[in-house]
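Step one of this worksheet: look at the structure below.
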Amino acid sequence: MKITLHATPDITPRPLIAEVILETGALLNIDRADVKPKGGEVVIDVPQDECERVVAAFKKRGATITCLKQPIIKDDDECVNCGACISVCPTGVISFRDDWSVQMDLDKCVQCGACVTMCPHSALTVGK
């Protein structure tokens, strides 16, 4: 499962992720990070069976966490299966099926938003 850690100025100088790994023993993978002194966000891949404990450990330290149930949402009514999103996806989330329709493997998505920007029909949105 993927979660987003919303970094605020009061928590950015702390080794928050390291503390949570040490406390929970969970193996976390940072998929994407955009953190500056004033804040930002980190998308973290958490093993499904560890997610509840990891989220609780972050919250105990004052972090705001959002669980990403669906990182990118595709509006099938707007999508014309042009494939413009495929070429810009850095993690290979999007591909063509045998019938040339666009398919998505959302487990790989790091929510970078490149596909959303590229879509000429605004068929893609970043999920919450």
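The values are calculated or read from the model by the stated rules, or taken from the named source; none is laboratory data. The shown structure was predicted, so the numbers you read here are calculated from the model rather than taken from an experiment. Here the Cβ is made from the backbone with ideal geometry for all residues, glycine too, and neighbour counts use every protein chain on show. Side chains are part of the model used for accessible areas, which takes the heavy atoms of the whole protein and leaves out ligands, DNA and RNA. Shrake-Rupley method; radii C 1.70, N 1.55, O 1.52, S 1.80 Å.
What to note about this one:
- Crossing angle, helix 51-60 versus the chain [Cα axis fit, 0-90 degrees, rounded to tens]: 50 degrees
- For the set Met118, Met1, solvent exposure ranked by accessible area (probe 1.4 Å, protein chains only) runs largest to smallest as Met118, Met1.
- Within the shell of other residues whose beta carbon sits under 11 angstrom from the beta carbon of Gln48, the net charge comes to -4, with Lys and Arg scored +1 and Asp and Glu -1.
- Just so you know, the Rg over Rh for the chain is 1.04, from Cα atoms, with Rh as the Kirkwood radius.
- Average Cα contact separation per residue, region 1-90, under 8 Å, 6 or more apart, as relative contact order %: 37 percent
- Near the amide H of Arg32, within less than 5 Å, lie the amide hydrogens of Val43, all on another chain or at least 5 residues away, with H placed in the peptide plane.
- Tally of Lys pairs whose C-alpha atoms are under 24 Å apart, taken over the chain, 8 or more apart or cross-chain: 23
- Separation of alpha-carbon centers, region 86-117 and region 56-83, rounded to whole Å: 14 Å
- Protein accessible area in the chain, 1.4 Å probe - carbon and sulfur %: 53 percent
- Nearest-20 debye value, the chain charge dipole, Cβ charges on Lys, Arg, Asp, Glu: 600 debye
- Cα convex hull of region 52-113 - mean projected area over all directions, nm²: 5.6 nm²
- Under 14 Å, Cβ to Cβ, from Glu19 - net charge with Lys/Arg +1 and Asp/Glu -1: +4
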